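Step one of this worksheet: look at the structure below.
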Amino acid sequence: GVSVTNNNKVVTNGHNNVSETKIVQESVQDLQVARRRLPVFMVKNRLIDEIKKNDTMILIGETGSGKTTQIPQLIHEQRLEGAGAIAVTQPRRVAAITIALRVAAEMNTEIGSIVGYSVRFEDVTSPRTKVKYLTDGMLLREAIVDPLLKKYSIIVLDEAHERTISTDVLFGIVKLAQKERNDKKQNPLKVIIMSATMDVDSFRKYFHNCPVIYLEGRTFPVTIYHTKTKQDDYQYAAVCTVFQLHATTPANHDFLVFLTGQEEIETVMYNIKQIAKEATGPPIRVCPLYAGLPPAKQLQVWREAPPGTRKVILSTNIAEASVTIPNIKCVIDTGVVKERTWSGSSGAERLWVRACSQAAGWQRAGRAGRTAPGAAYRLFPAKDFAARPQHHTPEIVRCPLASSLLLLLAAGTDPSTFPLIDPPPLDSVKASLQLLKEFGAIDSETNPKLTALGKKMSMFPIDPKYSKVLLSAPEYNCLEEALSLVAVLSSENVFHTPIHKREEAFKVKQKFLSPLGDHITLLNVFKAFCKAPLKKQWCKENFLNHKNLTYACDVRHQLLTICEKLNMTVSSCGQAYDQLLKCLVCGLFMNCAWLVGGGGGGGGARRYVTVAGVAAALHPASALQALGGPRAPPALLYSELLHTGRAYMLTASAVQPHWLTQQAPAQARRARNNR
Ligand code: ADP
Ligand code: MG
């Protein structure tokens with residue numbers, strides 16, 4: 001539990017042991033009945049009083065108690081927001097969307113009217129919107145244009161425990177905005193910080209000792225099981241566990257399996273469906289839940305399965321706290337999460353699958369005890385759990401800051417005095433400022449001010465390395481291509497490779513492959529997609545993901561609009577892809593790697609070292625690998641480094657070593673020394 005500091009203890013006396021299932025098709029009355037049973041609803045009057053009384057407050061309550069869906073509605077019902085609107089931030093895009101849809105249904109209104117959402121590249125709001133769910137990143141973007149966030153009279157910072165960089169920075173922005181607005185007594189701002197679990201003391205201190213309100217929901221005991229030994233393959237272990245439990249538990253017990261990402265979820269889903277055909281026990285309905293899933297598919301998770309059918313939900317850690325799924329009786333916890341980390345000193349960014357914290361483990365297990373006693377099966381030994389850290393480290397301590405620094409500077413704040421709960425490591429700040437300087441986005445590292453280029457970079461809602469690519473593109477005559485490529489890279493995987501048709505998909509993919517590497521291959525796919533008349537059918541035939549490609553088109557359109565606003569010349573380099581690759585080096589010079597050792601023939605010899613000095617191999621799925629040329633390229637540029645025991649470069653292209661020397665001499669020198 002959390003350490004109680006003082007304060008108003010709001011206690012609910014009711015039970016919450018109703019199964020809230022079937023959404024969407026539920027009648028308005030049903031939805032209202034479900035609402036009234038939520039712990040938040042039972043103390044609604046007291047909550048409203050507290051909200052009226054305090055400028056700032058922290059609200060803590062079990063996942064599923066109704067904080068995210070109900071509090072904004074309660075506020076709006078009382079018209080506490082006055083002439084302004086209510087912003088509710090979410091660290092995750094999927095959560096912002098699904099929750100907004102749910103709230104719109106509960107309020108019996110159309111999404112985009114009174115209730116709306118705004119996530120990157122998708123704004124479903126109108127001037128009438130009063131309750132707006134948005135990702136923390138989007139609210140930060142709004143702060144560039146309006147640092148006082150004057151549109152909102154109430155800002156709810158939800159899932160505060162997640163401690164994403166954007167949330168942490170947003171805390172500071174909101175704190176400064178509130179001070180300025182409330183000091184002047186003009187358009188005062190109320191701030192509500194919400195979370196299931198968190199380190200209350202540091203938050204409370206940060207928000208001038210504001211009151212903390214605890215909501216006591218009802219939860220049921222969850223029995224925890226661990227495996228006796230370490231599992232080498234957690235996906236395999238998860239599938240086995242599903243079927244062991246499937247044979248022994250009643251059909252109305254739904255399962256929730258925690259995995260790390262889309263591909264993994266798709267693989268496990270396929271395996272479960274295959275085995276289910278022959279397994280004994282009730283029929284199984286498998287529902288995936290991850291960030292890239294279309295909203296309609298996400299809602300499947302909340303739809304009741306036909307009687308006698310078991311639902312098995314395969315989710316990323318989004319189901320850990322940000323969304324609540326009813327009726328889960330068994331949680332199967334692989335104990336891992338995909339996380340981005342970065343070392344400021346070496347500049348090496350990595351995406352890796354790592355063990356989650358104890359707090360995450362308890363949250364995950366808790367999902368099984370929402371409506372009745374349940375069980376959690378951890379696919380790792382108890383002593384491993386005990387050895388894990390209590391909480392995960394805030395992102396700001398382990399991630400690149402260039403993007404946030406750029407935003408802070410664009411919002412007119414001074415990064416050196418900006419209030420943060422946990423300051424990032426000094427070398428990380430230094431490295432990020434150095435990078436921004438190398439991009440030409442700031443004039444000095446000691447007293448940074450945005451340059452004209454930096455201002456332009458901050459207008460793109462994408463990572464600075466990609467906005468640098470776009471802004472460099474006119475010089476290389478390749479903005480057409482750069483836009484398409486950045487758009488595709490902003491979307492989830494465009495290749496759809498069902499495991500049972502791997503060979504066939506591989507054959508079909510050949511026609512898109514470019515000997516230059518994955519970037520041009522992706523561009524080929526995107527170009528072909530744009531030309532295809534019957535896109536859905538065409539994607540199916542070509543083993544491509546229609547939804548992700550459509551999303552990329554949308555993203556491209558929005559990026560193009562920004563380029564046009566900036567009067568950039570949109571021209572094409574045609575087949576002269578060297579131009580595009582050179583342009584990529586302008587933004588991704590930190591993502592280059594050099595061949596070390598012989599490099600002739602066989603996979604084993606192809607060892608690379610990145611600019612940051614990390615030993616890395618080309619990912620087996622790379623086009624460069626698939627074409628299996630006689631020699632490994634002497635230098636590569638990659639979009640992402642994935643660590644799964646070993647470091648793999650994802651989405652890689654061959655580049656000329658002298659491009660790097662020309663465009664990023666400092667990095668080239670560093671790379672040479674690291675070799
Ligand atoms: P909290 O923020 O306190 O974790 P929420 O407000 O997210 O709680 O959820 C309250 C309840 O609303 C949950 O118990 C869940 O059953 C229900 N709920 C939330 N979102 C949805 C949805 N998209 N579909 C169906 N039910 C939902
Ligand atoms: Mg919530």
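The Rg/Rh ratio for the chain is 0.96, where Rg is the radius of gyration of the alpha carbons and Rh is the Kirkwood radius.
Amide H contacts of Ala617 (H built 1.01 Å from N, in plane; Pro and chain starts excluded): Ala647, Tyr648, Met649 sit under 5 Å, all sequence-distant by 5 or more or on other chains. Among the trypsin sites (Lys or Arg not before Pro) in the range 444-502, those placed in a DSSP loop whose Cβ has at most 14 other Cβ atoms within 10 Å are Lys449. Between the range 209-246 and the range 527-562, what is the separation of their alpha carbon centroids in Å? The range 209-246 and the range 527-562 have Cα centres spaced 38 Å from each other. Residue exposure proxy: Thr223, Thr249, ordered by other Cβ atoms within 10 angstrom of their Cβ from fewest to most, comes out as Thr223, Thr249. Here is how the number arises for the chain: DSSP H runs of 4 or more residues each give -39500 (n - 2.57), the sum is divided by the residue count, and the result at 222 nm is -12000 deg cm²/dmol.
The calculated FRET efficiency for Arg128 paired with Glu640, based on their beta-carbon distance and R0 = 56 Å, is about 0.90. Length available on full extension from Gln78 to Arg46: 0.36 nm per residue minus the Cα-Cα distance, which gives 10.2 nm. Overall, the chain carries a charge dipole of about 360 debye about its Cα centre when +1 sits on the Cβ of Lys and Arg and -1 on the Cβ of Asp and Glu, all other atoms neutral. A Förster radius of 25 Å, combined with the Cβ-Cβ distance separating Asp183 from Asp443, puts the computed FRET efficiency at roughly 0.20. Taking one quarter of the surface of the C-alpha convex hull of the range 469-600 gives a mean projected area of 9.6 nm².
Taking a point 7 Å out from the Cα of Lys455 in the direction of its Cβ, the residues of the range 140-170 whose backbone N falls within less than 15 Å of it are 144-146. Sites listed here are trypsin sites (Lys or Arg not before Pro) in the range 252-338 whose DSSP assignment is loop and whose Cβ has at most 16 other Cβ atoms within 10 Å: Lys277, Arg303. Taking a sphere under 12 Å around the Cβ of Arg93 and counting the other residues whose Cβ falls inside, with K and R at +1 and D and E at -1, yields a net charge of -1.
Checked against a 20 Å cut-off, the cross-linked pairs Lys509/Lys535; Lys338/Lys468; Lys150/Lys190 give Cα-Cα distances beyond that limit for Lys338/Lys468. Here the alpha carbons of the range 408-478 define both size measures, Rg and Dmax, at 13.0, 44 Å. In order along the range 261-273, the Karplus-derived 3J(HN,Hα) couplings, from 6.51 cos²θ - 1.76 cosθ + 1.60 at θ = phi - 60°, round to x, 3, 4, 4, 4, 5, 4, 5, 4, 4, 4, 5, 4 Hz, and Gly and Pro are given as x. Distance between the pseudo-spin-label points of Thr661 and Asp146 (7 Å out from Cα toward the beta carbon): 5.3 nm. The C-alpha radius of gyration of the range 42-124, expressed as a fraction of 2.2 N^0.38 Å, stands at 1.11.
Going from the fewest other Cβ atoms within 10 Å to the most, the residues Thr521, Thr68, Thr550 appear in the order Thr550, Thr521, Thr68. Computed from the Kirkwood radius of its Cα pairs, the Stokes-Einstein diffusion coefficient for the range 194-335 at 25 °C and 0.890 mPa s stands at 145 µm²/s. The order of Tyr133, Tyr152, Tyr551, going from fewest to most other C-beta atoms within 10 Å of their C-beta, is Tyr551, Tyr152, Tyr133. Extension gain, Arg502-Gln32: 0.36 nm per intervening residue step, less the Cα-Cα distance, totals 164.5 nm. Taking amide H positions as modeled 1.01 Å from N, with prolines and chain starts lacking one, the residues under 5 Å from Asp443 and 5 or more places away or on another chain are Lys449, Thr451. Which far-off residues, 5 or more places away or on another chain, put their amide H under 5 Å from the one on Ile193, with H placed in the peptide plane? HN-HN under 5 Å from Ile193: Met57, Ile58, Leu59, Leu157. In angstrom, the C-alpha Rg and Dmax of the range 271-407 are 17.9, 57.
Taking label positions 7 Å along the Cα-Cβ direction at both Arg340 and Glu110, the computed distance is 3.5 nm, reported to one decimal.
Only the coordinates and a few stated rules stand behind these numbers; no lab work does. Everything quoted here is computed from the prediction, not taken from an experiment. No Cβ is skipped: glycine too gets one built from the backbone with ideal geometry, and neighbour counts run over all protein chains shown.
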